[in-house]
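First the structure, in the form of structure tokens, and then the observations on it.
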Amino acid sequence: MKPPRSEPTPLREALQRQSEMHNLSPEQLKALRSLQREDAPVDIGRRRWLQGGLAAGALAATASGFLWHRARLGDPLQVLADEIAFNHLQPKPLDALGNTLDALRPAFEPLGFRLADDPRLQQIKGQLRGGRYCSVASVPAALLRYEHAGGHTTVYQARFHAQRHRGVPDIAAPDFEVCHARGVRVCLWQSQGLLFAMAFS
Amino acid sequence: MRQLSDTDYQRAYRYAVALTADPQHGFDLLHATLAQLLGKSLPADAGLPYLLRALRNRHVDDCRRRQIVLWQSLDDEDSGVAVIATDFGDLEARVIQEDLLRQCWQRLGPAEREVLHLWAVEGYTVDEIAAQTDTPRGTLLARLHRLKRRLADLDPQPSIRPQGVRA
């Protein structure tokens, strides 16, 4: 038996209703707003006001800021590792496919930096499959996915942002520090003016 | 770039979903396009129309790069197709079952979904769609003509076929 069909509706109205079924979730809206905040021009008057305020409060902030920050926000490196691990655990479709960095570079040129190689990336098992646009601490980044029989490894590259990526060590290759977040092993370092991060399954 | 409101984001998202025919891919497209616009020196008054245009360009690039969709077949090369002067008049009079529309939607091409979306949801005229999508008016009219035939082919109910179009 065929299911009952809906009543005929004017095409325009049917298209409008179908479109209105699609709404951004609050989380998606938040993600888009945060992207645009990154791009917002700085109001000069407001910046001067802020600079004056910051200068006046500098001594007090120096005395108490570090402890307050640690207590309130936690270790900045750990916050970054948590974001890296979260994205690693939720693989999404790749924007560009390619098995080498050379093949993927053109796809990520709009990010304003060149995908770089690093000796530490040699430790990754598996084959590079492709990349996806993403962000690390609201800084646009490239996500590169390597796949192997036992799972996948995710590598992130972004322009190093001293404020947003604070706490990320500048260690000479081939060394790097390892931390854990959400049960995932995460390595972060800065090199060649870029932030690098690796997350292992 | 001008600060976008939540309504602007929703409109851009719905346009992206119309292009991709998939909510998740639509969001990915919108997110990637905004990230791409980051840091570029854009006109201060660049707002939603600018974003919609960037979304479209990005989607066309993606399709061509990944060869998931043969977008070029939608760029309307009208060899062998008799182009007739037309507008949205026939579509205005058309009725369709909503469940049938949902079934047909995936089978339409991105350019066809785009035209329908801009007409029905954004309320654009033929000239406005031509300007927004950088499509010559004649090409757009030919696309509309084919779209009407395609809708008739997709719809097995004789009662909702547009008049004058042979199945």
query: Do we have any residue at all in the range A:137-151 that's of a type in the set (Ser, Thr, Tyr), within 11 Å of chain B (Cβ to nearest Cβ), in a strand (DSSP E or B) and touching a helix residue (DSSP H, G or I) at 6+ places or on another chain (Cβ under 8 Å)?
result: no
message: If B:ALA142 meets every condition in (1) open to solvent by less than 10 Å² (accessible area, probe 1.4 Å); (2) within 17 Å of B:ASN57 (Cβ to Cβ); (3) more than 14 Å from every other protein chain (Cβ to nearest Cβ) apart from one, which number is that one?
response: (2)
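Is it fair to say A:ARG120 is more than 13 Å from the chain's Cα centre (by Cα), under 30 Å from B:HIS25 (Cβ atoms) and not β-branched (Val, Ile, Thr)? Lay out the reasoning, then the answer.
Numbers: more than 13 Å from the chain's Cα centre (by Cα): yes; under 30 Å from B:HIS25 (Cβ atoms): no; not β-branched (Val, Ile, Thr): yes.
Spelling it out, it is not the case that A:ARG120 is more than 13 Å from the chain's Cα centre (by Cα), under 30 Å from B:HIS25 (Cβ atoms) and not β-branched (Val, Ile, Thr).
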- request: Answer yes or no as to whether A:PRO106 is facing another protein chain (nearest Cβ under 10 Å) and touching a His at 6+ places or on another chain (Cβ under 9 Å).
  value: no
task: Would you mention how many residues in the range B:100-151 are aromatic (Phe, Trp, Tyr) and over 19 Å from A:THR9 (Cβ atoms)?
output: 1
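Quick check on the range A:83-103: of everything there that is more than 18 Å from the chain's Cα centre (by Cα) and open to solvent by less than 50 Å² (accessible area, probe 1.4 Å), which residue is farthest from B:VAL60 (Cα to Cα)?
Step one: filter the range A:83-103 for residues more than 18 Å from the chain's Cα centre (by Cα), giving A:97-103.
Right, trim to open to solvent by less than 50 Å² (accessible area, probe 1.4 Å) and you get A:98, A:101.
Working: A:GLY98: 19, A:LEU101: 23 Å.
Filtering the range A:83-103 for residues that are more than 18 Å from the chain's Cα centre (by Cα) and open to solvent by less than 50 Å² (accessible area, probe 1.4 Å), the one farthest from B:VAL60 (Cα to Cα) comes out as A:LEU101.
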Among residues of the range A:8-23, those that are surrounded by 14 or more Cβ atoms within 10 Å (Cβ to Cβ) and either more than 7 Å from chain B (Cβ to nearest Cβ) or more than 16 Å from B:HIS117 (Cβ to Cβ) (or both), counted: 2
task: Count, please, the residues in the range A:172-194 that happen to be touching a residue at least 12 places away in the same chain (Cβ under 8 Å), assigned to a strand (DSSP E or B) and in contact with a strand residue (DSSP E or B) (Cβ under 8 Å, 6 or more places away or on another chain).
output: 11
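So which of B:HIS117, B:HIS25 is crowded, with 19+ Cβ neighbours inside 10 Å and at pLDDT 80 or above?
Numbers: B:HIS25 fails: crowded, with 19+ Cβ neighbours inside 10 Å.
The conditions single out B:HIS117.
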message: Among (1) polar (S, T, N, Q); (2) touching a residue at least 12 places away in the same chain (Cβ under 8 Å); (3) more than 14 Å from every other protein chain (Cβ to nearest Cβ), there is one condition A:GLN163 misses while meeting the rest; what is its number?
response: (2)
- prompt: Pick from the range A:118-136 the residues that are assigned to a strand (DSSP E or B) and open to solvent by less than 20 Å² (accessible area, probe 1.4 Å): which of them is farthest from the other protein chains (Cβ to nearest Cβ)?
  reply: A:LEU128
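What residue, among those in the range B:21-52 that are touching a residue at least 60 places away in the same chain (Cβ under 8 Å) and touching a Phe, Trp or Tyr at 6+ places or on another chain (Cβ under 9 Å), is farthest from the other protein chains (Cβ to nearest Cβ)? It would help to see each step written out before you state the result.
Here is the first cut: in the range B:21-52, the residues touching a residue at least 60 places away in the same chain (Cβ under 8 Å) are B:21, B:49, B:52.
Subsequent filtering for residues that are touching a Phe, Trp or Tyr at 6+ places or on another chain (Cβ under 9 Å) retains B:21, B:52.
Working: B:ALA21: 11, B:LEU52: 14 Å.
The residue in question is B:LEU52.
Sort through A:ARG105, A:ARG33, A:ARG47, A:ARG37 and tell me the only one that's modelled with pLDDT under 50 and of a type in the set (Lys, Arg).
None of the other options fit; the residue is A:ARG47.
Does the range B:11-20 hold any residues that are closer than 21 Å to A:SER135 by Cα and either within 7 Å of chain A (Cβ to nearest Cβ) or touching a Phe, Trp or Tyr at 6+ places or on another chain (Cβ under 8 Å) (or both), and which are they? It would help to see each step written out before you state the result.
We begin by selecting, within the range B:11-20, every residue closer than 21 Å to A:SER135 by Cα; these are B:12-13, B:16.
B:TYR13, B:ALA16 - these are the residues of the range B:11-20 that are closer than 21 Å to A:SER135 by Cα and either within 7 Å of chain A (Cβ to nearest Cβ) or touching a Phe, Trp or Tyr at 6+ places or on another chain (Cβ under 8 Å) (or both).
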- prompt: Name the residues in the range B:43-93 that are closer than 19 Å to B:ALA152 by Cβ, in a helix (DSSP H, G or I) and either at pLDDT below 70 or open to solvent by less than 80 Å² (accessible area, probe 1.4 Å) (or both), would you?
  reply: B:LEU74, B:GLY89, B:ASP90, B:LEU91
- request: Determine the pairs where a residue that is more than 23 Å from A:VAL139 (Cβ to Cβ), located within the range A:15-37, has a partner that is at pLDDT below 90 and of a type in the set (Lys, Arg) with Cβ atoms under 7 Å apart, the partner being 6 or more residues away or on another chain.
  value: A:GLN18/B:ARG102
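The values are calculated or read from the model by the stated rules, or taken from the named source; none is laboratory data. If you're wondering where the values come from, they're calculated on a predicted model, not measured in any experiment. Note that each Cβ is placed from the backbone with ideal geometry, even for glycine, and that neighbours are counted across all protein chains shown. Surface areas here come from the heavy atoms of the whole protein model, side chains and all, with no ligands, DNA or RNA. Shrake-Rupley method; radii C 1.70, N 1.55, O 1.52, S 1.80 Å.
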